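The values are calculated or read from the model by the stated rules, or taken from the named source; none is laboratory data. Remember, it's a predicted structure, so these values are computed and weren't measured experimentally. FYI the Cβ positions are ideal-geometry reconstructions off the backbone, even for glycines, and counts take in every protein chain you see.
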């Protein structure tokens, strides 16, 4: 399902990026389409791979990157507000579908941002240190 929704998104956004101003068409416009095509390839690979989780995580990163590129297109006035909102809605749906797909895989662990202030190493060091104190 994520693959078909992403395919629809690519069909929708490709002609829009071709209408970007020349100064943005060959940089930002092509980068958006290429990133979405890379995500499509990654999702197809994940469908046939036994190790789908890393591929789905990479696809999620690509979706997030595309989200930022589309926002930049709006801010640079290459994309109207209505088209921006529609594109973000489609990207959100694809991201949700990828997240659901990840949850169906065995051994699912939620992806969380790394917080270095609470690393496991510091807690084990202090626990070991406390056990040495008489």
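So that you can scan it fast, the table gives a plain yes or no per residue for (1) surrounded by fewer than 18 Cβ atoms within 10 Å (Cβ to Cβ); (2) under 16 Å from residue 99 (Cα atoms); (3) touching a residue at least 12 places away in the same chain (Cβ under 8 Å):
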| residue | (1), (2), (3) |
| --- | --- |
| 44 | yes, yes, yes |
| 55 | no, yes, yes |
| 70 | no, no, yes |
| 76 | yes, no, yes |
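Looking only at segment 80-94, decide whether some residue is within 23 Å of residue 5 (Cβ to Cβ), at pLDDT 95 or above and outside any helix (DSSP H, G or I). Yes, segment 80-94 contains at least one residue that is within 23 Å of residue 5 (Cβ to Cβ), at pLDDT 95 or above and outside any helix (DSSP H, G or I).
Is it fair to say residue 52 is modelled with pLDDT under 90 and at positive phi? Answer is no for this residue. Can you confirm whether segment 24-32 contains a residue that is within 14 Å of the chain's Cα centre (by Cα), within 29 Å of residue 76 (Cα to Cα) and either touching a residue at least 12 places away in the same chain (Cβ under 8 Å) or surrounded by fewer than 12 Cβ atoms within 10 Å (Cβ to Cβ) (or both)? The answer is yes; a qualifying residue exists. Considering only residues in segment 95-122 that are under 22 Å from residue 8 (Cβ atoms) and either at pLDDT 95 or above or under 16 Å from the mean Cα position of the chain (by Cα) (or both), the one that is surrounded by the most Cβ atoms within 10 Å (Cβ to Cβ) turns out to be 98.
One residue alone among 36, 6, 24, 56 is in a helix (DSSP H, G or I), under 17 Å from residue 104 (Cβ atoms) and touching a helix residue (DSSP H, G or I) at 6+ places or on another chain (Cβ under 9 Å), and that residue is 56.
Which is within 16 Å of residue 72 (Cα to Cα) and modelled with pLDDT of 95 or more, of 36, 43?
Numbers: 43 fails: within 16 Å of residue 72 (Cα to Cα).
Every option except 36 fails the conditions.
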